[in-house]
Amino acid sequence: YIRHVKLNEDFAYFLGLVITDGHIVHNKITKKYQTAIYTSYPEEKDMILELIKGLFNYKAGITPRMCGFSKKPNYEIRIASKNLTSILINDFNIPAGAKSLIVDLPKKIISSSTKIKMAFLRGVIDGDGSITSSQIKISSGSEKFLISLKELLKSLTISSGELYKRKDTKTVEFKIPVRANIEKLKEIYNINKWVYLRKKEQIGNI
């Protein structure tokens, strides 16, 4: 039973993953209350399980699912807790159900310390950032989320490009130039515990 949460760096990272690669079910009729995070990488699945255990002292459920043409299973990592879904919805403004077009950046993150903002940003990049040697691309169906995220980057003295609406997918995206921000990005990824190692390696190799 998850009674309460503390907004620390670990929970901020968890929030970044939930917003980008997660899903909340809060259904009073069926009495189903669930927070899920998805990944296709076994080592990331194991890290998320450890993160959840460390945050909530909770052993998450897990289901591998085959999706589309991929030969790799997509892992659904589940926390069945009405209290946690209520906290995510009410305290951190993360919508239940289809959230991709309406989600916004939690106000509590915006008003938090630099370290908490950096941990949240690492969760967002791990969940949804596409990294190349020259840029990190962040995409979302929610323009207001990306506008808020650009403000968060600005507060961390990280520069970013203009918002761009893609006509083919109806998503919005912007790019973070890597070389101009490499010191700050390496500081954000200078961690061995809660991080997607493939993303950390991509940053480290630049």
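The values are calculated or read from the model by the stated rules, or taken from the named source; none is laboratory data. Since the structure is predicted, the reported quantities are computational estimates derived from the model, not experimental observations. Please note: Cβ atoms are built from the backbone with ideal geometry, for glycine as well, and neighbour counts cover all protein chains shown. Note: accessible area is taken over every heavy atom of the protein model, side chains too, but ligands, DNA and RNA are not part of it. Shrake-Rupley method; radii C 1.70, N 1.55, O 1.52, S 1.80 Å.
Miscellaneous remarks
- Residues of the stretch 7-37 satisfying the condition of being open to solvent by 60 Å² or more (accessible area, probe 1.4 Å) and under 16 Å from ASN93 (Cα atoms): HIS23
- Unmet criterion (only one of (1) in contact with a helix residue (DSSP H, G or I) (Cβ under 6 Å, 6 or more places away or on another chain); (2) farther than 20 Å from PHE11 by Cα; (3) among the aliphatic types (A, V, I, L, M)) for ILE102: (1)
- Residue in the stretch 63-74 that is nearest to TYR1 (Cα to Cα), counting only those that are surrounded by fewer than 14 Cβ atoms within 10 Å (Cβ to Cβ) and not polar (S, T, N, Q): PRO64
- Residue tally, condition under 19 Å from PHE11 (Cα atoms) and open to solvent by 40 Å² or more (accessible area, probe 1.4 Å), over the stretch 166-199: 6
- Residue match in the stretch 75-85 (condition: assigned to a loop (DSSP other than H, G, I, E, B) and surrounded by 12 or more Cβ atoms within 10 Å (Cβ to Cβ)): yes
- Within the stretch 154-165, considering residues that are part of a loop (DSSP other than H, G, I, E, B) and under 20 Å from ASP104 (Cβ atoms), the one most open to solvent (accessible area, probe 1.4 Å): GLU162
- Pick from the stretch 89-115, criterion in a helix (DSSP H, G or I) and within 24 Å of THR171 (Cα to Cα), ranking: least open to solvent (accessible area, probe 1.4 Å): ILE109
- The single condition among (1) of a type outside the set (Gly, Ala, Ser); (2) outside any helix (DSSP H, G or I); (3) in contact (Cβ under 8 Å) with a residue 24 or more places away in the chain that PRO64 does not meet is (3).
- Any chance SER148 is over 14 Å from VAL178 (Cα atoms), surrounded by 14 or more Cβ atoms within 10 Å (Cβ to Cβ) and modelled with pLDDT of 95 or more: yes
- Top-ranked residue in the stretch 116-153 [being in a strand (DSSP E or B) and aliphatic (A, V, I, L, M); ranked as farthest from ASN190 (Cα to Cα)]: ILE138
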